[in-house]
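The values are calculated or read from the model by the stated rules, or taken from the named source; none is laboratory data. Remember, predicted model here, so these are calculated numbers, not experimental data. Note that we place each Cβ from the backbone using ideal geometry, even for glycine, and neighbour counts take in every protein chain shown.
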């Protein structure tokens, strides 16, 4: 989901030793922890890729700052509006310079790698427990926020995926759109029936869009989870098994059978939206206005989730943490409290076309704004996600390369998964 991770971790590993001996040398502020909020002074450093570089994005961030300063009126807030492409480098540089961030927003799959390197602070001192997340946020994301039985992040946004079918295509093929195929076996039968070819046998309409022209990592994770098999369990690989091999073999059987490898459209949007595919994986939001795909296209879509024994919904998203080397941990928690207020999260969700990660997300403004967001918001407790190992940010690239090689017949699927499992730690 995010790029630039591997190079960032290499930099991070290189600077951790330097940080251990020099942390604090470049920090001007004294710690304000324990100081009454009304008297605390200094600068709160916030690394936050959740606000887009637009006037509206800055306006919404300023509202969060204003709310925070009701509690910490003398504290300044210094934002770093990073992107997920340069997030690792930003974190690494700040540690090496001795001026760490107080608040950091990262993604699902990032917590274990950074918590294992002691970059994040345990949130237990601020009353944040798994039960609190289950009560106020998305319980299914608790493991994604934990490492070695400690909680290091609070869910902010959910970036979910679903599958969709074209009602008209199903009816044309004699299939019932009110009974979507869900298991891999059902999906393959329906996809083959829905695939259209010209006189030369060239695919002219994909039966199923895997939404992964050259990267099958997330698709593999989702389909594997639908069999009841997680990618990692307690940080250990859990895909080098019969379910893992069967899932990879299934993807291989679909490519150049119901969809041409590497297929995408100019707009880089799901092919099912435009009728270039009869079924396919979607994002978490859809624009049904005339500026988007239009009402007629939206009305021809029906959404569903994968279920090869377990109904699942792939979820990524943004999580917010306190830096372990932060000079203002108490103030950082106060800022996070302002950030996760419903009005703040609703604004961020709208800006990013994601779902707010609070309990009643299905009734959020974003969920009500379009039928796809409404659908995925109703399935957040079915969340599954990639990652889980301490070296996941390095492993993602390995998965992308090696799964593709297996799908294209360049490597044996079973040996590919065994090799990946051996590289995990």
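Key figures
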{"item": "The listed residue being under 18 Å from residue 407 (Cα atoms) and modelled with pLDDT of 95 or more, out of 215, 253", "result": "253"}
{"item": "From 310, 291, residue being within 24 Å of residue 407 (Cβ to Cβ) and surrounded by fewer than 16 Cβ atoms within 10 Å (Cβ to Cβ)", "result": "310"}
{"item": "Elements of type helices (runs of 4 or more DSSP H) in segment 344-425, at least 3 residues being without any contact (Cβ under 8 Å) to a residue 24 or more places away in the chain", "result": "365-369, 392-407, 413-423"}
{"item": "Boolean, residue 326 is assigned by TED's automatic domain parsing to the domain that holds residue 155, farther than 24 Å from residue 161 by Cα and in a loop (DSSP other than H, G, I, E, B)", "result": "yes"}
{"item": "Subset of segment 262-274 that is surrounded by 14 or more Cβ atoms within 10 Å (Cβ to Cβ) and in a loop (DSSP other than H, G, I, E, B) - its residue that is modelled with the lowest pLDDT", "result": "264"}
{"item": "Residue in segment 390-403 that is in contact with a strand residue (DSSP E or B) (Cβ under 6 Å, 6 or more places away or on another chain) and modelled with pLDDT of 95 or more present", "result": "no"}
{"item": "Extreme residue, surrounded by the most Cβ atoms within 10 Å (Cβ to Cβ), among residues of segment 244-261 that are under 19 Å from residue 181 (Cβ atoms) and within 23 Å of the chain's Cα centre (by Cα)", "result": "247"}
{"item": "Candidate set: segment 374-412, residues that are over 22 Å from the mean Cα position of the chain (by Cα) and surrounded by fewer than 22 Cβ atoms within 10 Å (Cβ to Cβ); chosen: the one nearest to residue 107 (Cα to Cα)", "result": "405"}
{"item": "Among (1) on the phi > 0 side of the Ramachandran plot; (2) out of contact with any strand residue (DSSP E or B) (no Cβ under 7 Å at 6 or more places or on another chain); (3) crowded, with 22+ Cβ neighbours inside 10 Å - the single one residue 317 does not satisfy", "result": "(2)"}
{"item": "Residue within segment 60-81 that is touching a residue at least 60 places away in the same chain (Cβ under 8 Å), within 22 Å of the chain's Cα centre (by Cα) and over 16 Å from residue 320 (Cβ atoms) present", "result": "no"}
{"item": "Only listed residue being surrounded by 13 or more Cβ atoms within 10 Å (Cβ to Cβ), at pLDDT below 95 and either part of a helix (DSSP H, G or I) or assigned by TED's automatic domain parsing to the domain that holds residue 353 (or both), chosen from 15, 64", "result": "15"}
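Rundown of residues vs (1) touching a helix residue (DSSP H, G or I) at 6+ places or on another chain (Cβ under 7 Å); (2) crowded, with 22+ Cβ neighbours inside 10 Å, yes/no style:
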residue: 187; (1), (2): no, yes
residue: 193; (1), (2): no, no
residue: 217; (1), (2): yes, no
residue: 226; (1), (2): no, yes
